[in-house]
Amino acid sequence: MGDIDDALERADHETFTREPPKTLKARIHFLIGKLKTTKAVAAELGVSQRSIERYRTGERKTPPTAITDRIDAAVRARRQPVVRDRSRKEAATRTGITVETRARFGYTAPIGTTDDGRMRRLTVHLPPAYAQRLFDAQQHGPQDPELRAIVAEGLQDIYFKDGGTRADQLEVEFTDIDYIDVSF
């Protein structure tokens, strides 16, 4: 997964209203509640059904790191889907998203202007249309270049072109992302 996809996942996580189960035993119980059987949980995590039963009873308390990561991802994916969907719908139809990033921005601009790329730190609120496009692109399988292009277009239109009031021939390149954070 790419930088922007990770930022969207973090933003999703911040919208939750309740803390996830903390202990391994509680997380396994949560997954069994969602998937209905230990066999289904085992298939989801790529472990044996007996391992799931050991985690559930507390007989085994520390799975390998790779399995712990899979358990965390499975819990996050199934936790509070209504809250997640509601916050995404709100961002895509009404409030938009805020992108904070430090990255290199280069330009393709008319002759006589500076087009050398440089590192900039930006915090820009993008309208709901960009949020909808990001969510749609992420839904079809996160392709970082596609997500990056949508964010670059949004930053270009809102920040660099000031909503179409200046620099209409400017084309922005969004590269060397140091960090990116998205909130909605």
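The values are calculated or read from the model by the stated rules, or taken from the named source; none is laboratory data. In this text, all values refer to a predicted model and were calculated from it rather than measured experimentally. Backbone-built Cβ (ideal geometry, glycine too); neighbour counts: all protein chains shown. Heads up: the accessible areas ignore ligands, DNA and RNA and are worked out on the full protein's heavy atoms, side chains in. Shrake-Rupley method; radii C 1.70, N 1.55, O 1.52, S 1.80 Å.
Evaluating ASP3 against the criteria (1) on the phi > 0 side of the Ramachandran plot; (2) touching a residue at least 40 places away in the same chain (Cβ under 8 Å); (3) of a type in the set (D, E, K, R) leaves one unmet condition, (1). Here ALA11 clears all of (1) crowded, with 16+ Cβ neighbours inside 10 Å; (2) touching a helix residue (DSSP H, G or I) at 6+ places or on another chain (Cβ under 7 Å) except the condition numbered (2). Checked across region 15-30, the condition of being out of contact with any Leu (no Cβ under 6 Å at 6 or more places or on another chain), among the acidic types (Asp, Glu), modelled with pLDDT under 90 and under 30 Å from GLU146 (Cα atoms) holds for no residue.
Can you go through VAL75, VAL151 and tell me which one is over 15 Å from the mean Cα position of the chain (by Cα), open to solvent by less than 30 Å² (accessible area, probe 1.4 Å) and either of a type outside the set (D, E, K, R) or modelled with pLDDT under 80 (or both)?
VAL75
Residues of region 133-140 include none that is of a type in the set (Phe, Trp, Tyr), assigned to a helix (DSSP H, G or I), open to solvent by 30 Å² or more (accessible area, probe 1.4 Å) and modelled with pLDDT under 90. Here THR38 does not fit the description of being open to solvent by 40 Å² or more (accessible area, probe 1.4 Å) and either over 15 Å from the mean Cα position of the chain (by Cα) or on the phi > 0 side of the Ramachandran plot (or both).
Those helices (runs of 4 or more DSSP H) of region 20-125 in which 2 or more residues are out of contact with any His (no Cβ under 9 Å at 6 or more places or on another chain) and within 29 Å of ILE177 (Cβ to Cβ) occupy 65-78, 81-90. Restricting attention to region 43-59, the residues being more than 24 Å from ARG18 (Cα to Cα) and surrounded by 15 or more Cβ atoms within 10 Å (Cβ to Cβ) number 5. Scanning region 24-35 for residues that are open to solvent by 80 Å² or more (accessible area, probe 1.4 Å) and without any contact (Cβ under 8 Å) to a residue 40 or more places away in the chain yields LYS25, HIS29.
What's the total number of residues in region 14-23 that are over 13 Å from ARG79 (Cα atoms) and open to solvent by less than 60 Å² (accessible area, probe 1.4 Å)? The total comes to 0.
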